[in-house]
Amino acid sequence: MTGAPVASRPEAAPPPPRQEDPGLRHRLAERGIDRNLLLILPAIVFIVGLFIYPFLYGLGLSFQPKEGGGPFADYERFFTDPYQRNTIWKTLGLAIPAALLNVLASVPIAYRMRGRFRGKRLLTIVLVVPITLGTVLTAEGLLNFLGPAGWFNRTLLEIGLVDEPIRLINNYWGVFFSLIITGFPFAFLLISSYLSGIDPSLERAAATMGAGWWDRFRHITLPLLTPGLATTFCLTFVLAFSVFPSAILVGEPAGETRVISIAAYQAAYEQYDYPMASTIAMVMGAVELIVIAAVLVWRSRFYTGTTGGKG
Amino acid sequence: MTLGLAGGTRSRRRIVASPGAWLVWGAVAFFLLSLLGVVGSVLVNSFGTRWFGGWFPEGATTRWYTEAWSDFGITELIFVTVEVSAAVVALSLLIGVPAAYTLARRDFPGKRLVYLSFLLPILMPPITYGIPLATVLYKFGFAGNLSGVILANLVPAVPFVILTMTPFIEQIDPAIERAARMCGAGLRSVFLRILAPLLVPGILAAGILVLVRTVGMFELTFLTAGPDSQTLIVALFYSMSSAGIRAQQSVDAMAVVYMAMMLTLLVLALRFVNPTQLVARVKEEPE
């Protein structure tokens, strides 16, 4: 509309707005920005509003202690109080052994079960069941199964392995078993899918050159599998690290299995100290990221190219 | 040729059954037996009368179920669970599918950053972001009712739909869309008449996976639910952690109801996705 007077100016350097508008749009489109990008806008608004903003809000809150005393007072309180600080070690003491066991036990089993055999799909479906049922139900089952009068202790007594029921619930082992029951199938299925991504003809080539099964596994399969193992360990570790319901139900939530998520929960919902709860949540996220970063740095030292298969 | 050879060696190995094989199958058998024990003892106990010693309860009864139905208000719990999961599935597909389309087809500044921010909620444990999220939701008055539970459950669901759908959309030939564009179709009709029919299998798979995850999601629902917006799994947790108030069998009956619901969903899910997809990110090939 205002194009004509602008164009009639002696300088005439800026192009008239009527043409500038499509020009700008054109230039933006060349860099990949146009109206169709609006399709992703709801998702971005959503993630910013419900994930990034709450996270930053929590981070900010953790620097505003309820009881005053400088921005880092809550962090100081957490790290100087052994009852709080030790939750980190208790959580790691559960999560790292459980994740390691799940991954290390899955490797030989998945290695032996690669390829097709009858009943493989059925086995996979059975393994998905505990993942689907989740930790709360597993905890309920473990209370019955591993309890002093449960089937497990009864079997041990009948065989004569023990003289009196062993205590497997309401302590470390109850939580540990619950992490195995849900974590092992998860690790197994992931590693199986990584193994199926390795071209079997590589191993066959090695076999024709006279390599035994251990050499084939050690020098062909394992190096190709290592990145997958690292990823599986990370995911299994994240699952185990956030253990919450089973630590309360089959663990000893006031002592041996007072994991960090219980500390965060108690701060928020029992003491209503939201800054402290946010502090613990941030510490929890940081510890977890440190472990994952360590694993990923270790992984980056290995081969990460194609594995020749479908994966 | 080679395949036949490999099959031959494999069957020979199976006959020999080395100690390694025994160990592996033994470990699997032990795991499966424990799993059977865990699930079975809940099932048996929920139908039992009294179970003090012995392998099985003294008699069978269904009274724990009728009791659970009247005491726990299971009908209402199931209704809330269905309401929450239906809303989460619908909203996450509505938000996630267009975003997945953009990510699959387009290149734009900051794409990696956007992708990373969709990845984070899946990698983080729910408790870590759940507590700040619940604090924010309480601040704005969403938590403690149904809308808060739905919003909280959407946080992992939307990225999950995006990550599931992006590879699925990538494998659809863009030439089809271009042809439709040339014939004069706008973005809307490309979406509704070209892409939507092609995407139906992917949308079904993503939807059912989100459904299974939402019904089983404990932490986020637990942190944001009020007394009348509990889902089945949260109510189960509360009745378990206040042990002693109710008979163990009554809690078990409720657990069996939840188990039946999950297993029904699992059977339904396995019609559309393969079992590994329930665990990991969707792979392109159907097997």
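Pairs, please: C-beta under 8 Å, at least 6 apart or cross-chain, first residue among the polar types (S, T, N, Q) and in the range B:59-84, second open to solvent by 90 Å² or more (accessible area, probe 1.4 Å)?
B:T75/B:W69
Could you pull out the residue among A:I220, A:I290 that is free of Cβ contacts under 8 Å to residues at least 40 places away in the same chain, open to solvent by 20 Å² or more (accessible area, probe 1.4 Å) and over 23 Å from A:G58 (Cα atoms)?
Among A:I220, A:I290, only A:I220 is free of Cβ contacts under 8 Å to residues at least 40 places away in the same chain, open to solvent by 20 Å² or more (accessible area, probe 1.4 Å) and over 23 Å from A:G58 (Cα atoms).
Please specify each residue of the range B:57-70 satisfying the condition of being assigned to a helix (DSSP H, G or I) and surrounded by 14 or more Cβ atoms within 10 Å (Cβ to Cβ).
B:W64, B:Y65, B:E67, B:A68, B:W69
So in the range A:107-122, with the set limited to residues that are at pLDDT below 85 and part of a helix (DSSP H, G or I), which one is nearest to the other protein chains (Cβ to nearest Cβ)?
Among those residues, the one meeting the criterion is A:R112.
Working carefully through the options A:I44, A:I96, A:I52, A:I88, find the one that is more than 14 Å from chain B (Cβ to nearest Cβ) and surrounded by 15 or more Cβ atoms within 10 Å (Cβ to Cβ).
Being more than 14 Å from chain B (Cβ to nearest Cβ) and surrounded by 15 or more Cβ atoms within 10 Å (Cβ to Cβ) holds for just one of A:I44, A:I96, A:I52, A:I88, which is A:I96.
So B:E219 passes all but one of these: (1) open to solvent by 40 Å² or more (accessible area, probe 1.4 Å); (2) charged (D, E, K, R); (3) in contact (Cβ under 8 Å) with a residue 24 or more places away in the chain. Which condition number does it fail?
(1)
Can you pull out every residue in the range B:92-118 that is more than 7 Å from chain A (Cβ to nearest Cβ) and open to solvent by 30 Å² or more (accessible area, probe 1.4 Å)?
Matches in the range B:92-118: B:L93, B:L94, B:R105, B:G110, B:K111, B:R112, B:L113, B:Y115, B:L116.
Determine which member of the set A:P130, A:P165 is open to solvent by 30 Å² or more (accessible area, probe 1.4 Å), touching a helix residue (DSSP H, G or I) at 6+ places or on another chain (Cβ under 6 Å) and closer than 29 Å to B:A253 by Cα.
Testing whether each residue is open to solvent by 30 Å² or more (accessible area, probe 1.4 Å), touching a helix residue (DSSP H, G or I) at 6+ places or on another chain (Cβ under 6 Å) and closer than 29 Å to B:A253 by Cα leaves just A:P165.
If you take the residues in the range A:257-266 that are assigned to a helix (DSSP H, G or I) and buried (at least 24 other Cβ atoms within 10 Å of the Cβ), which one is farthest from the other protein chains (Cβ to nearest Cβ)?
In this case the residue turns out to be A:A263.
Determine whether the range A:137-150 contains at least one residue that is under 30 Å from A:S196 (Cβ atoms) and facing chain B (nearest Cβ under 8 Å).
There is at least one residue in the range A:137-150 that is under 30 Å from A:S196 (Cβ atoms) and facing chain B (nearest Cβ under 8 Å).
For residues that are open to solvent by 60 Å² or more (accessible area, probe 1.4 Å) and within 19 Å of B:A152 (Cα to Cα), scanning just the range B:223-272, find the one that is farthest from the other protein chains (Cβ to nearest Cβ).
Across the range B:223-272, the extreme among qualifying residues is B:D228.
Tell me which residues, restricted to the range B:25-49, are modelled with pLDDT under 85 and facing chain A (nearest Cβ under 7 Å).
B:N45 - this is the single residue of the range B:25-49 that is modelled with pLDDT under 85 and facing chain A (nearest Cβ under 7 Å).
The values are calculated or read from the model by the stated rules, or taken from the named source; none is laboratory data. These figures come from a predicted structure and were not determined experimentally. Please note: Cβ atoms are built from the backbone with ideal geometry, for glycine as well, and neighbour counts cover all protein chains shown. The accessibility values were calculated without ligands, DNA or RNA, using every heavy atom of the protein model including side chains. Shrake-Rupley method; radii C 1.70, N 1.55, O 1.52, S 1.80 Å.
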